[in-house]
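All remarks here apply to the structure that follows.
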Amino acid sequence: MTLLEVKNLSVGFPTPDGVVHAVNDISFSIDAGETLAIVGESGSGKTVTNLAMMGLLNSNTAQISGTARFQSHTGEIDLLGIDPNELQKYRGQDISMIFQDPMSSLHPYFSIGDQIIEAHQVHNKVDPDVSKERAIELLGLVGIPDPASRITSFPHQFSGGMRQRVMIAMALVNNPSLLIADEPTTALDVTVQAQILSLLKDLQREFKMAVILITHDLGVVAGAADRVNVMYAGRIVESANVFDLYAKPAMPYTQGLLDSVPRLDRPHTNRLSAIPGQPPSMISLPDGCSFAPRCSRISEVAGSKCLMIMPELTLRTDAHSARCFIGERAGA
Amino acid sequence: MLSYISRRLGVTFLILLGVSFTVYVIFAFLPFDPAALTCGKNCNDPGIIEANRRRLGYDLPFLTQYWVFIKGLFIGRTYGEGAALINCPAPSLGYSFQEHSCVTTLISEALPVTLSLAIGALVLWLVVGVGLGVLAARYRGKFVDSASTIFVLIGTSLPTFLTGLMLLVFVVIKWHILPFPAGNYTPFLEDPYEWAQILFLPWITLAFAYAALYTRFVRSAVIETSNEDYIRTARAKGLPESEVVGKHTLRAALAPIVTMAGLDFAGLLGGAILTESVFNLPGLGRLAIGAVVEYDLPIIVATTLLAAAIVVTMNLIVDILYAFIDPRVRIA
Amino acid sequence: MTTPILEVTNLAKFFPIQSQGIFSRVKGDNKAVNGISFTLNAGETLGLVGESGCGKSTAGRTILKLYEPTSGTIKFEGEDITSYSASKMKPLRTKMQMIFQDPYSSLNPRHTIGSIIAASYEIQKITPENGVKRAVQDLMERVGLNPEHYNRYPHEFSGGQRQRIGIARALALKPKFIVCDEPVSALDVSIQAQVINLLDDLRDDFGLSYLFIAHDLSVVQHISQRVAVMYLGKIMELAPTEELYKNPHHPYTKALLSAIPIPDPILERKREQIILSGDIPNPVNPPTGCVFNTRCWKAQDKCRTTEPVIMQIGASQVACHFPD
């Protein structure tokens, strides 16, 4: 069952220097219970995409267009078309989010219990004691030792990893069908990252929820995702099943990313292969392929087509599409 | 927490002792003779001066004088003997020969006036400053925001005495909205209506400048806080906007206001000299100014000491309050 | 054998924790670095790896005498600089430099990058041949920046370019030794590789020695000849790079290696992963015995009571009672 279907989503931020085209006409979908990874480097638009769907971008400063059809507990809704006051009823109930920095994502002045109870109360007309029981249950579930007494603690009394567990407990308190995890382990140490990732995996199975995992880390994606969208300069440049993507990356950018990750599982070479140059300015995107100025395979395409025409996201093999003139199927 | 408070109390006591000594030193070595001043400006009779000197204890060595002064604070103090005996009970701050009264009595008469003035103004400026500041931040760039900017500009640039005089001229003299506050201060317990009527204009005068400052401060604090990650978390939970702003944002944005308000309030208790003068209110500020003009040393020493005591005590109160507001400070 | 460029023996740096108020009392010590020893040879890169709070950055700064060491000795080119004063350090500063993690906050936004790089010359009152501007532009070119951007401000550059500016600044005085404090942690993967390769080239060209601090074992592998793994202010294992990654002896090294995900879905899902439980203890009250015992799956009574001495296993130095 398709849980969420995003069509033609664009987000622009007008600035004195021009409009920053953070997200450009992207479409994707996610099935119930599935894990979709959105991979990209900083500024690729992966976070903005999700903030836009959640209605968390300031409507005064962001121009948003497109549709996002979501199967909520009340039936199908369009996350991008719905009234903001209406959307609020689905946030935290059908769709929850966890963020990159657990140190700053919890309110420093309220106890963690109060913050979780509040998240439960706002969507459930139940006695606060019921919400408290639920909060304790979830804190236990995410691995906070002695949750019944820790519930009165404040965020600053927890380590970064523990705070991210609290954030996860808070996100799951209403049994969401979709969890958006925005760089959930980037701010954490590697050994703690391993804990959180394995916790998320277990909870996803237990709660039968779909997860959109936003990350820049291809290692994290390899272990966690079912499908992957690679984003570059506000566009999806490749979309595939995780095994296909790593085995046969179709877009030179994906290939470049995979090559530039330092790897421990391969015999160590002294030089890393880097992608030359910088990502383009999001105010004046190039006419052609956004990656063309950095692309090592640009000479494989005749003329300077790559610099003039933006390739479409086309299907390569079953459910594997890429935005590149190289390897396009004839007639596609 | 208790040990923290008791430690702070000890420090506060030491600071006050230091301040009192410094004040005493400054006034003891001023180039005029306090005894000579006691018998009027044109008194030349050395006999009377010497008698007064003995009566007031100015003949004692400096340190003994200080000791007697401090002792007086705790056990009271007598001047002269026999029929001319004057008794200033504890806490005695000395005796004013010009006013023919114990300084403590003078202060206890003036303090309620200043207290009434300061409390009323504090309430007024907090309500206006916080209210307007929040509105301006919430509707940034809209009409309320521009209006508040003008208010801030006028409030911060108009000197208090000018505001006071203008209010007097227009509200009282030209438009006859309020009767002339002719220096006949009425205590609250005697006639609350009369009390409020007399203090109304002084409150506005005093609150005006502070309200402007607080509006500016609250506006930027609210804007800054709304960009915090934990405010995004609050929205992502699905809280209604009213709670996101009213609970989560304000709680964090207003914490520093407590410190600011406490210290500003303490400053006012030392005497709102200009406002009291313009409206002819018999408060501490006027008592102090009168004493300075008349070289009435005991009053000067006492009011200075009182102002210092208020500031130091208020600092302590603010710090303790802050620990209750911000859990991160609590464990220290 | 030649003298090593850097010789650190039992170095410790404690930060006193004070209670607030006028009568502040020292409540304890944050034992950020708690007795580490290593040497660094000329032209060599030593990777210093560990998680947040393990003391790796403090170690780097203490070695440069940006912090006053609590105990131990630091020898730079055979010269004991442990107790050198700031003025005595100044001439040595030309030889030892630092590159910082955050390319955004380590450059003054109000100065042009030309003047930021040239500041090193001014402070040391050195005039390079051909003039300052020429020297700065040569450096810019060498680190891959356009020399014509001499008069631009830091905000006009991307993160990777700013890190290049930081590198140019560190190179200006032709140092022999550079502490690289997480130089690529704030950068995107594709840019990270550029900067690592640049640092690698510069070491060979200028004959530099690096102390390369990182939290990520995978980054360090590419640039270091030897790697030291730190935990709670102590070195757990120090070994030649090849050896450390192939035959880790310390359980913590194993756990760290195992925690790094492999960017290959087939391998990543097949492999056995060691997931450490719990958090890093507070360095104010480190565990007794072996500092890692609270999270170690091999810990026994001995580990909780006796601190392991460093033992030599092949080419590796390991601080563990039960090494593999």
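The values are calculated or read from the model by the stated rules, or taken from the named source; none is laboratory data. These numbers were taken from a predicted model, which means no experiment stands behind them. FYI the Cβ positions are ideal-geometry reconstructions off the backbone, even for glycines, and counts take in every protein chain you see.
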Exclusive hit being within 14 Å of chain C (Cβ to nearest Cβ) and in contact (Cβ under 8 Å) with a residue 12 or more places away in the chain, set A:321, A:296, A:284, A:239: A:296
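Hand me the list of helices (runs of 4 or more DSSP H) wholly inside the range A:218-332 holding 2 or more residues that are within 28 Å of residue C:270 (Cβ to Cβ). Give the derivation first.
Details: elements: A:218-224, A:242-247, A:252-260, A:305-308.
It comes to A:218-224, A:242-247, A:252-260.
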Subset tally (residues that are away from chain C (no Cβ under 14 Å) and of a type in the set (Ser, Thr, Tyr)) for the range A:18-44: 2
Output for the range B:276-332, where each listed residue is assigned to a loop (DSSP other than H, G, I, E, B), surrounded by 19 or more Cβ atoms within 10 Å (Cβ to Cβ) and charged (D, E, K, R): B:296
Single residue of the range C:9-34 satisfying the filter (modelled with pLDDT of 85 or more and out of contact with any Gly (no Cβ under 7 Å at 6 or more places or on another chain)) that is nearest to residue C:209 (Cα to Cα): C:13
Among the residues listed as C:247, C:293, C:285, the single one being more than 26 Å from residue C:314 (Cα to Cα) and either hydroxyl-bearing (Ser, Thr, Tyr) or within 25 Å of the chain's Cα centre (by Cα) (or both): C:285
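If you take the residues in the range A:242-277 that are hydroxyl-bearing (Ser, Thr, Tyr) and more than 21 Å from residue A:316 (Cα to Cα), which one is nearest to the other protein chains (Cβ to nearest Cβ)?
First, pick out the residues of the range A:242-277 that are hydroxyl-bearing (Ser, Thr, Tyr): A:246, A:253-254, A:260, A:269, A:273.
Those still in the list that are more than 21 Å from residue A:316 (Cα to Cα) too: A:260, A:269, A:273.
On the way: A:260: 4, A:269: 8, A:273: 7 Å.
Among residues in the range A:242-277 that are hydroxyl-bearing (Ser, Thr, Tyr) and more than 21 Å from residue A:316 (Cα to Cα), the one nearest to the other protein chains (Cβ to nearest Cβ) is A:260.
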Tally of residues being closer than 15 Å to residue C:104 by Cα, in contact with a Ser or Thr (Cβ under 7 Å, 6 or more places away or on another chain) and modelled with pLDDT under 90 across the range C:172-191: 1
Qualifying residue in the range B:241-261 (condition: in contact with a Phe, Trp or Tyr (Cβ under 6 Å, 6 or more places away or on another chain), of a type outside the set (Ser, Thr, Tyr), more than 22 Å from residue B:214 (Cα to Cα) and surrounded by fewer than 23 Cβ atoms within 10 Å (Cβ to Cβ)): no
Considering residues of the range A:212-228 that are under 14 Å from residue A:182 (Cβ atoms) and more than 9 Å from every other protein chain (Cβ to nearest Cβ) only, the residue surrounded by the fewest Cβ atoms within 10 Å (Cβ to Cβ): A:215
Leading residue by the ranking (surrounded by the fewest Cβ atoms within 10 Å (Cβ to Cβ)) among those in the range C:177-186 that are in a loop (DSSP other than H, G, I, E, B) and either free of Cβ contacts under 8 Å to residues at least 60 places away in the same chain or away from every other protein chain (no Cβ under 11 Å) (or both): C:182
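Among the listed residues B:223, B:231, identify the single one that is touching a Ser or Thr at 6+ places or on another chain (Cβ under 7 Å), within 13 Å of chain A (Cβ to nearest Cβ) and either in contact (Cβ under 8 Å) with a residue 12 or more places away in the chain or part of a helix (DSSP H, G or I) (or both).
Working: B:223 fails: touching a Ser or Thr at 6+ places or on another chain (Cβ under 7 Å).
Of B:223, B:231, the one residue that is touching a Ser or Thr at 6+ places or on another chain (Cβ under 7 Å), within 13 Å of chain A (Cβ to nearest Cβ) and either in contact (Cβ under 8 Å) with a residue 12 or more places away in the chain or part of a helix (DSSP H, G or I) (or both) is B:231.
Would you check which residues across the range C:105-123 are in contact with a helix residue (DSSP H, G or I) (Cβ under 7 Å, 6 or more places away or on another chain), in contact (Cβ under 8 Å) with a residue 40 or more places away in the chain and surrounded by 12 or more Cβ atoms within 10 Å (Cβ to Cβ) and list them? Reasoning before the result, please.
Taking the range C:105-123 as the starting set, the residues that turn out to be in contact with a helix residue (DSSP H, G or I) (Cβ under 7 Å, 6 or more places away or on another chain) are C:106-109, C:112-114, C:116-118, C:120-121.
Still in the list and also in contact (Cβ under 8 Å) with a residue 40 or more places away in the chain: C:106-109, C:112-113, C:116-118, C:120-121.
Answer for the range C:105-123, where residues must be in contact with a helix residue (DSSP H, G or I) (Cβ under 7 Å, 6 or more places away or on another chain), in contact (Cβ under 8 Å) with a residue 40 or more places away in the chain and surrounded by 12 or more Cβ atoms within 10 Å (Cβ to Cβ): C:106, C:107, C:108, C:112, C:113, C:116, C:117, C:118, C:120, C:121.
Output yes when any residue across the range B:107-127 is loosely packed, with under 15 Cβ neighbours inside 10 Å and more than 28 Å from residue B:197 (Cα to Cα), and no when none is. Even if it seems obvious, please write down each step before you answer.
First, the residues of the range B:107-127 that are loosely packed, with under 15 Cβ neighbours inside 10 Å: B:108, B:123, B:127.
Adding the requirement that they be more than 28 Å from residue B:197 (Cα to Cα) leaves none.
No, there is no match, as no residue in the range B:107-127 is loosely packed, with under 15 Cβ neighbours inside 10 Å and more than 28 Å from residue B:197 (Cα to Cα).
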Matching residues in the range C:40-79 - criterion: being surrounded by fewer than 16 Cβ atoms within 10 Å (Cβ to Cβ) and either among the hydrophobic types (A, V, I, L, M, F, W, C) or out of contact with any helix residue (DSSP H, G or I) (no Cβ under 9 Å at 6 or more places or on another chain) (or both): C:42, C:66, C:71, C:73, C:78
